[in-house]
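The values are calculated or read from the model by the stated rules, or taken from the named source; none is laboratory data. Bear in mind the structure is a predicted one, so any value in this text is a computation, not a measurement. Cβ sites come from the backbone with ideal geometry, for glycine too, and all protein chains shown count toward neighbours. In case anyone asks, the SASA skips ligands and DNA or RNA and just uses the protein heavy atoms, side chains included. Shrake-Rupley method; radii C 1.70, N 1.55, O 1.52, S 1.80 Å.
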Amino acid sequence: MKIEKELVSEETMEQGLNVTLRVNTLDKEGSYYASVNSRVASVKSALRNIRNEDKGVDITSVKHGLELYNNQVISLLSQGFSVKVLDLGVLVIKRRGRVKDRNEAESISGFTVEFIPGNDVLKAVENLSVDAVLTVDNSPVMESVTDLSRRESDGTVTIGQPMQVLGRNLKVNMEDDELYFVPQTEDGEPVADKERWIRVENDQIFRNKPTELNLFVPGTLTTGTKYRLLVKSSYISGSRARKTALTGTSDVFTAESSAV
């Protein structure tokens, strides 16, 4: 039968629950926002499990019964009923927002549905184990550095000429944030003396986007010296800013003089 062939071809879903953690930059003591990334099981997956648990069940009839029940739930909701869905929970009709005129019932619209889970549903997920945790850091990330005067991304920039940095979370608040060219030691470590770091002034930045920074390489860099670009950014979006700026650094590049 068709439904049996479809169940055979349906891939078995891997179990597991992934959680993504995002840094709460407004909490000085350190905390994270957690969001759950769960897989969605299809109706076919449920039918396959039913068939595997009870070989005598007519899966075609079960599928047809589910379709009829689904249609009845939709019909009852369209008539203004909240609907109890077996022992899973209740679909409750709600409305969000304000009503302007209390005397005109026909003007009230914008209804929605909220699912209120039953006890069995809540218990089913109460003690789930997490399969993987992904921590998302919103610090600036520089993926490439390009010398715009030569259109090359070869690990060198030209002193006094424009350069481009591509990545994410790069945008800076001009009044509060900082960009530095940080000279590197022979061991590839940043020079500890911050007096030797070269700050990028606001008028040297001519493109300031979350995914792109374009700026002029300061004329005070030393030819042949290796640097990293350091970005301290508190920008979130619009006028929103973090209380504490996040820091990111580029790969090492060499400052060269303009060709004569």
Per the list (1) out of contact with any Lys or Arg (no Cβ under 6 Å at 6 or more places or on another chain); (2) in contact (Cβ under 8 Å) with a residue 40 or more places away in the chain, residue check on Asp203 breaks on (2)
How about segment 104-124: which of its residues are open to solvent by 80 Å² or more (accessible area, probe 1.4 Å) and at pLDDT 90 or above? Phe115, Asn119, Asp120, Leu122, Lys123
Kindly indicate which of Lys55, Lys100 is in a loop (DSSP other than H, G, I, E, B), surrounded by fewer than 14 Cβ atoms within 10 Å (Cβ to Cβ) and at pLDDT 85 or above. Lys55
I'd like to verify a number: residues in segment 198-209 that are under 18 Å from Gly248 (Cβ atoms) and surrounded by fewer than 17 Cβ atoms within 10 Å (Cβ to Cβ), how many? 4
Can you tell me how many residues in segment 223-244 are under 19 Å from the mean Cα position of the chain (by Cα) and of a type outside the set (Ser, Thr, Tyr)? 5
Pick from Lys209, Lys226: which is within 15 Å of Leu170 (Cα to Cα) and of a type in the set (Lys, Arg)? Lys209
Within segment 44-70, which residues are without any contact (Cβ under 8 Å) to a residue 12 or more places away in the chain and within 36 Å of the chain's Cα centre (by Cα)? Ala46, Asn49, Glu67, Asn70
Have a look at Val157, Val191, Val182 and point out the one that is touching an Asp or Glu at 6+ places or on another chain (Cβ under 7 Å), within 12 Å of Tyr227 (Cα to Cα) and open to solvent by less than 40 Å² (accessible area, probe 1.4 Å). Val157
Could you grab me the full set of residues in segment 145-154 that are without any contact (Cβ under 8 Å) to a residue 40 or more places away in the chain and open to solvent by 40 Å² or more (accessible area, probe 1.4 Å)? Arg150, Arg151, Glu152, Ser153, Asp154
Report whether or not Glu212 is touching a strand residue (DSSP E or B) at 6+ places or on another chain (Cβ under 6 Å), open to solvent by 40 Å² or more (accessible area, probe 1.4 Å) and either closer than 15 Å to Met142 by Cβ or touching a residue at least 60 places away in the same chain (Cβ under 8 Å) (or both). no
